[in-house]
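Note sheet for the following structure.
Quick note: the coordinates plus some simple rules give every number you see, no bench work behind them. Everything numeric in this text was worked out from a predicted model, so none of it was measured. Here the Cβ positions follow ideal geometry from the backbone for every residue, glycine too, while neighbour counts run over all protein chains shown.
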Amino acid sequence: MCCGDYFQDKSMENSNSSLSQVTPYHPSGDPPGWLYRVWVEGSEVLVTQTPALASADYEKIAAAYAQMPPYCWVDEARFVGVHTAHAACVGNPEIKISVNEEVTSFRIHPQRRRIQGRQEGRSIFFTATPATPRYYLVNIRGLPLLCILLDPPEEHVPARDGEDVVDLQPYLDDLSDLGEAMRQAAQAVNGKGKTLYVPPGEYLSDTIRLEGLTRCQVYFAPGVLIRTRICGPGENIHRHGLWIDACQDLVINGRGCLDHQGYENFLGGRNDYKHGLLSWAVPSRLNPYLTESPLFVTNSQRITIDGLTVRNGRNFNVNIRRCDQVTLRRCKVITPPASVPEFTDGYQINACRDTLLEDCFAFCNDDCIASGHYFYSHDDRESEGFTARGFVGWNHRANGIRLGFYTHYDMGSL
């Protein structure tokens, strides 16, 4: 299914005749995918795969899920994983896709854009539309889906050596733990209107918890890839990726990527994926803390999150609970069924007030957007003022948007 009833049909400031250089985004350490190659206006953009699977793994995973409850089934093995190309550009560039297998027929989503691509042998061509957001899914009969995500160029990029910028690297040099390095570096910007700059690189970390920050910014540069540490066999340790708690007037932005390593954590029964959902069966004030999310925001006010990619989640992907005035803009969720058999909602917005979800994307195996009161012992107040616009979402077995669940509190205006 594909949802996206609202689109800003406005022309870009630049036409094809004044295209600026295409900026490909490639998380550090990601290998290229085996099926597709993509060019945007002649510039190649690396295609990555989430998770990194061999061709034969698609059928194996689908067969394994067929032994689970019906809500875990995958009707077509090709939906198990997904390939993605991500870049920034302006104008209306031509997209070229080269496929390593035969192309019989194809379709480009969202269908309401009425994009008419053309095929030349094993290559597909189409032109990006002016309407935003410019997030496309290329659906080729019999093959895994390809996401092409085109963002506008970043604005107000902090200079790493700027006067009001704190570089994370010296803290990393002194500390072996990324989470502790970020916590210490965050105190250098806290309350000062300064920016913490996370430089490009591949990182491994336990939960990164930033608590009590105010009037500051955390910038994840393009090329940042933060992988959440996986558990040893049977450990079943709950780990979020990035946890923002009790913060105010905080901006988190940049084109970096948070990889929760759901597939690696649960692969082959290494850990019990249902352990991440103990909260459904064990009601307590700790419920939301027993879920596992790549991006978790709790008890915070006036938070802006712009441009981040979260992927390979172990449970709800972007999980916002009991917050006020949160803006999510140009965020991407990429968590296909291979990551975990069930319950990887794209965006969970619960017991929140004045939330804006704008020009975001989700590829997941459960509801693309879920808003309500999912944990009745913690989501203990009415919601109000939730706006979603410019959204593109895909899942093959759940809802585009789900409202409600428990009805202990009013959903407010939507």
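Counting other beta carbons within 10 Å of each residue's own, what order do H86, H238, H156 fall into, fewest first? Kindly include the intermediate steps, with their values, before the conclusion.
Numbers: H86 28, H238 18, H156 10.
With the sparsest Cβ surroundings first, the list reads H156, H238, H86.
A DSSP coil position with no more than 11 other Cβ atoms inside 10 Å describes the following GluC sites (Glu not before Pro) in region 152-190: E155, E163. Here the chain was treated as a single set of alpha-carbon atoms; its pair distances binned every 20 Å from 0 give 28, 60, 12 percent. Converting phi to 3J(HN,Hα) with the Karplus coefficients 6.51, -1.76 and 1.60 and the offset θ = phi - 60°, region 121-134 yields x, 9, 10, 10, 10, 7, 10, 5, 8, x, 5, 10, x, 9 Hz in sequence order, with x at every glycine or proline.
The count of lysine pairs in the chain whose Cα atoms are under 28 Å apart, excluding pairs fewer than 8 places apart on the same chain, comes to 7. Taken one residue at a time, the phi angles of region 66-72 give Karplus couplings (6.51, -1.76, 1.60, θ = phi - 60°) of 5, 8, 9, x, x, 6, 9 Hz. Gly and Pro are set to x. Modelled spin labels at D245 and M68, positioned 7 Å past Cα toward Cβ, are 2.8 nm from each other.
Exposure proxy ranking for S371, S176, S43, S339, based on other Cβ atoms within 10 angstrom of each Cβ and starting from the fewest, stands as S176, S43, S371, S339.
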